[in-house]
Amino acid sequence: MSRYDLAVIGAGAAGMMCAGVAGQLGSRVLLLDHATRLGEKIRISGGGRCNFTNLHASPANFLSQNPHFCRSALARYTPQDFLDLLRRHGIAWHEKHKGQLFCNDSAEDIIAMLRAECAAGDVALRSGCTIQAVRRAGDDFEIDTTQGVFRSRQLVVATGGLSIPKIGATDFGYRLARQFGLHIIETRPALVPLTFPAEAWAPFAQLSGIALDCQLSTGAGKGKGSFREDLLLTHRGLSGPAILQISSYWQPGTAIAVDLLPDDDAVEWLLGEKQATRRHLNNVLAQRLPARLADAWCAMEGVSPTAPLGELPDKALRRLGERLNRWELRPSGSEGYRKAEVTLGGVDTRALSSATMMAESVPGLYMIGEVVDVTGWLGGYNFQWAWASAVAAARAAAAY
């Protein structure tokens, strides 16, 4: 039976980062993954260029039942620290939008870098290795796998969440956490498109592919989310960055408010146009909205799109303008884990040390990355959490 100082289950972003850092700090590390192709979520992220961090990452960009938990790890491993690592490996990158950083070439560069970091730490990698059981054996952890039995003084769980099952996502990490007595905050898909009943969405289904800049909001108080991003209409509902962001805050059964003209008071604009133009309503709306959406909007409001604006009563224009600035929609659901970029919820952080990621009640057991109840916004934040939580656990494990 092979014995290690540290076993890491899950060779994704957090797992490879943790294994490499711990190995280079002197730990004898074993890295296990059931997949034969490592880092698949890295590979498909950012359109194949991996949105690997965000320059503006801070605790305010993360959701958790324990919102202060992420502060320690994020403060001790920042986006600049990760950029230093990229520079050492000669990986070129660029900023795309709102602090979002991408590889110039390919997400494969990040995977190759993490594998090189593991090699530098003499990490023993076992891929295509299914774990059959994990148990305590004295002060150690014993791991039964399809490639043999391994023993380790410490164990890191970096198995990710439930999002995108087609690339291998499972609930293994949650089951393992429960086995050791850790509580799980209820999970659900996040950063995911939202859907509507087919009949209710019929007027907009034909507009699939239309995108526009909007302000979205939902919730109230501490649970309120508000984002200004692009909105995309689809055959089944809404997607695009604005919806992916708001989906993490949206609660089933509640509404979202969409401001289609975030830079305008739509009532004031329409009443002003009424005095200044003889054009038809749809042509006026098409100054601010995509033409097809303008026509559909008129139909939904029961107003003829070819009605001369000057002939419409002020009351009708006020109602139309108010709706443009606050279009309330009640999604029936989401596209689920198959389309979700991340999983909301996970291992309850109140059971973990924010400094080390170790379970308070199980010495030597660590939980990192997406399996933990820390979920970032769209835009590189979840990768930054993976790096930061991994480094926190690796440093703690090496010193343990």
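If a residue counts only when it is under 15 Å from ARG326 (Cα atoms), which strands (runs of 3 or more DSSP E) contained entirely in segment 206-312 have at least 2 such residues?
Result: 211-218, 225-233, 256-259.
If you go through segment 64-90, how many residues are open to solvent by 40 Å² or more (accessible area, probe 1.4 Å) and either assigned to a helix (DSSP H, G or I) or among the aliphatic types (A, V, I, L, M) (or both)?
Summing the residues that are open to solvent by 40 Å² or more (accessible area, probe 1.4 Å) and either assigned to a helix (DSSP H, G or I) or among the aliphatic types (A, V, I, L, M) (or both) in segment 64-90 gives 8.
Against the condition more than 17 Å from SER152 (Cβ to Cβ) and surrounded by 19 or more Cβ atoms within 10 Å (Cβ to Cβ), how does LEU6 come out, does it pass?
So LEU6 does not fit the description; no.
State which residue pairs qualify: first residue touching a residue at least 60 places away in the same chain (Cβ under 8 Å) and hydrophobic (A, V, I, L, M, F, W, C) and inside segment 282-302, second residue surrounded by fewer than 17 Cβ atoms within 10 Å (Cβ to Cβ) and in a helix (DSSP H, G or I) in any location, beta carbons under 7 Å apart, and separation of 6 or more residues or different chains.
From residues that are touching a residue at least 60 places away in the same chain (Cβ under 8 Å) and hydrophobic (A, V, I, L, M, F, W, C), the pairs are ALA296/PRO203; ALA299/PRO203; MET300/PRO203.
What pairs can you find where one residue is in segment 233-245 and touching a residue at least 24 places away in the same chain (Cβ under 8 Å), the other is surrounded by fewer than 24 Cβ atoms within 10 Å (Cβ to Cβ) and part of a helix (DSSP H, G or I), and their Cβ atoms are less than 6 Å apart, with a gap of 6+ or different chains?
Once the first residue is touching a residue at least 24 places away in the same chain (Cβ under 8 Å) and sits in segment 233-245, its partners that are surrounded by fewer than 24 Cβ atoms within 10 Å (Cβ to Cβ) and part of a helix (DSSP H, G or I) give LEU233/PHE204; HIS235/ALA205.
This table checks each residue for (1) closer than 17 Å to ARG37 by Cβ; (2) open to solvent by less than 30 Å² (accessible area, probe 1.4 Å); (3) in contact (Cβ under 8 Å) with a residue 40 or more places away in the chain; (4) part of a helix (DSSP H, G or I).
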position	(1), (2), (3), (4)
LEU101	no, yes, yes, no
ILE110	yes, yes, yes, yes
CYS118	yes, yes, yes, yes
LEU125	yes, no, yes, no
GLN132	no, no, no, no
ILE143	no, yes, yes, no
SER152	no, yes, yes, no
GLY161	no, yes, yes, no
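Looking at segment 177-184, can you tell me whether even one residue there is open to solvent by less than 30 Å² (accessible area, probe 1.4 Å) and more than 26 Å from ALA19 (Cα to Cα)?
Scanning segment 177-184, I find no residue that is open to solvent by less than 30 Å² (accessible area, probe 1.4 Å) and more than 26 Å from ALA19 (Cα to Cα), so the answer is no.
For every residue, the table says whether it meets (1) basic (Lys, Arg); (2) touching a Gly at 6+ places or on another chain (Cβ under 8 Å); (3) closer than 30 Å to LEU55 by Cβ.
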{"site": "LEU324", "(1), (2), (3)": "no, no, no"}
{"site": "LYS339", "(1), (2), (3)": "yes, no, yes"}
{"site": "VAL342", "(1), (2), (3)": "no, yes, yes"}
{"site": "SER353", "(1), (2), (3)": "no, no, yes"}
{"site": "SER361", "(1), (2), (3)": "no, yes, no"}
{"site": "GLY376", "(1), (2), (3)": "no, no, yes"}
{"site": "GLY379", "(1), (2), (3)": "no, yes, yes"}
{"site": "TRP387", "(1), (2), (3)": "no, no, yes"}
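Does segment 212-234 include one or more residues that are open to solvent by 20 Å² or more (accessible area, probe 1.4 Å) and of a type in the set (Phe, Trp, Tyr)?
Within segment 212-234, not a single residue is open to solvent by 20 Å² or more (accessible area, probe 1.4 Å) and of a type in the set (Phe, Trp, Tyr).
The values are calculated or read from the model by the stated rules, or taken from the named source; none is laboratory data. Just so you know, these numbers come straight off a predicted model, no measurement behind them. Don't worry about glycine lacking a Cβ; one is built from the backbone with ideal geometry, like all the others, and counts go over all protein chains shown. Surface areas here come from the heavy atoms of the whole protein model, side chains and all, with no ligands, DNA or RNA. Shrake-Rupley method; radii C 1.70, N 1.55, O 1.52, S 1.80 Å.
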